[in-house]
Structure formats: C-alpha cells, structure tokens
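The structure appears below as structure tokens.
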Amino acid sequence: AARVSPAIVTIAIGAAPADPSDPTFQIPETGYGSGVIFDPNGWIVTNEHVVKGAQSLTVTLEDGSTYPGRVYGTDTLTDLAIVKIEATGLPTAPIGDSGGAKVGQLAIAIGSPLGTYTNSVTAGIISAFGRTIEVQDETVIRNLIQTDAAINPGNSGGALLDSGGNVIGINTAVARTAEGIGFAIPINIA
C-alpha cells in the first residue's frame, strides 16, 4: 500500500475534492472517482463512468497537488478511460498479471471513497473471476474479478492489488443490494 498509494489519484468532476477538515464539509454524492498513474508522464487509467460527460476534471495527487485533466480516450465495453495531466516524473503503480491471480488470494483496494477519504486502503480476497454485471444504463461489463475488499462510491478507477503490491485490477462497481461484493476490471484487459 505504501508503495502504490502515491500513484493513486482522486478525480473530481468540475471541482476540487472537499476538505474533511473544513467546518462546512459535506460528503459529496457524485462527481468523484479514483485513478491509477501507469506512466510517469501523466497518463492515468480510470473508469469510463467516472469521466463520462465531464466538462472539466481536476486530478489530485496523494501529495495534494492538483492538475487539470483531459480525457484522452474511453471504452464503454470495458468501462475504462485514459486521462492525461501535464506533469512528468510522477510515481507509477507496478502493473501485475491478473491472469496469474487465484480465487482466495489477498486483494487490496486503494482509492478515494466518497471523493474525500483519499488513498483509503481496504483488504479482502478474490472471490471469483469471469463475473458479468449490468450497470446503470443497461451496459453489460464482462470478465470481472469479484472481491470482498470494500469498494465504495469514489473508489471506481482505483487499484485492486495482489499481496505483492502489483495492480491486478481497476475497481469498477459494487453490488448495491449486497454487502461485500465488489468488482474490478482485470489489469490484463485494461
């Protein structure tokens, strides 16, 4: 977690993330997600649903620095998007191999739940592979990793790690009618 957290960003749609120490702080309902820096020149992978319809993006790094972000590309079939910020020398997350992951192994989720609790770390196991879900607009996403690591709104686009701290998935959804059922896009697909 310590090695990967600097490469996890918070993505705000149209505004900078709220500061929990501000006396007027309120938990935002929408407009936030997470992302994973995969290239030191400002390239970030996130979910398509995080950036969908965004007029502007603000990307906040773990150190609190902010950058305007630009959507570089999206894929609705996999719910993936690439965001670019103008920065160099950024920390990157080590990319693992989701094909080598096994049911029952440790799974660690890192992201910014609710857009305010940045770089939150939760742990669980990989529950299954090859899951299919239907999301809000009747889009079907296939071949997902199922995990019981806590994934909440705002974690979308964050990293699912193996025990070695390697990214094996991009967190994408949670089952709203159950507890402890979250889904990630395998990194080999991403």
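Enumerate the calculated ³J(HN,Hα) couplings along the stretch 50-64 in order (Karplus 6.51 cos²θ - 1.76 cosθ + 1.60, θ = phi - 60°), each rounded to whole Hz, writing x wherever the residue is Gly or Pro.
So the J values, rounded to whole Hz, are 5, 9, 4, x, 5, 7, 8, 10, 10, 9, 10, 7, 4, 6, x.
Compute the distribution of all C-alpha to C-alpha distances in the stretch 67-106, in bins of 10 Å from 0, and list the percent of pairs in each, rounded to whole numbers.
20, 33, 34, 13
For the stretch 58-102, what is the accessible area per residue in Å² when the probe is 1.4 Å?
Details: 2420 Å² over 45 residues.
Heavy-atom SASA per residue in the stretch 58-102 reads 54 Å².
Which residues' amide hydrogens lie under 5 Å from the amide hydrogen of residue 170, considering only partners 5 or more residues apart or on another chain, with H built in the peptide plane?
Residues meeting the amide H criterion: 160, 185, 187.
Given R₀ = 35 Å, what would the calculated FRET efficiency be for residue 128 paired with residue 1, taking r from the Cβ atoms and rounding to 0.05? It would help to have the intermediate numbers written out before the result.
Values: r = 24 Å, r/R0 = 0.67.
Rounded to the nearest 0.05, the efficiency is 0.90.
Tell me the accessible surface of residue 39 in square angstrom (1.4 angstrom probe, heavy atoms of protein chains only), to the nearest ten.
Answer for residue 39: close to 50 Å² accessible.
How large is the translational diffusion coefficient of the chain in µm² per second when you combine the Kirkwood radius over alpha carbon pairs with Stokes-Einstein at 25 °C and 0.890 mPa s?
153 µm²/s
Tell me which residues come under 5 Å, amide H to amide H, from residue 125 once H is placed; ignore anything under 5 positions away on its chain.
Distant-sequence amide H within range of residue 125: 107, 148, 149.
Which order do the peptides 105-112, 125-132 take when ranked by the mean count of other beta-carbon atoms within 10 Å per residue, highest first?
Values: 105-112: 23.1, 125-132: 15.0.
Output ranking for 105-112, 125-132: 105-112, 125-132.
Two-decimal Rg/Rh of the stretch 119-163 from alpha-carbon positions, Kirkwood Rh? Kindly include the intermediate steps, with their values, before the conclusion.
Numbers: Rg = 11.5 Å, Rh = 11.8 Å.
Ratio of gyration radius to Kirkwood radius for the stretch 119-163: 0.98.
Output the Kirkwood hydrodynamic radius of the stretch 79-190, Cα pairs only, in Å rounded to one decimal. If you can, show how the numbers build up before the last one.
Working: mean 1/r = 0.0709 Å⁻¹.
So the Kirkwood estimate lands at 14.1 Å.
The values are calculated or read from the model by the stated rules, or taken from the named source; none is laboratory data. Every value quoted in this text rests on a predicted model; they were computed, and no experiment measured them. Every residue, glycine as well, gets a Cβ built from its backbone with ideal geometry; the counts of neighbours run over all protein chains shown. With ligands, DNA and RNA removed, areas are computed over all heavy atoms of the protein, side chains included. Shrake-Rupley method; radii C 1.70, N 1.55, O 1.52, S 1.80 Å.
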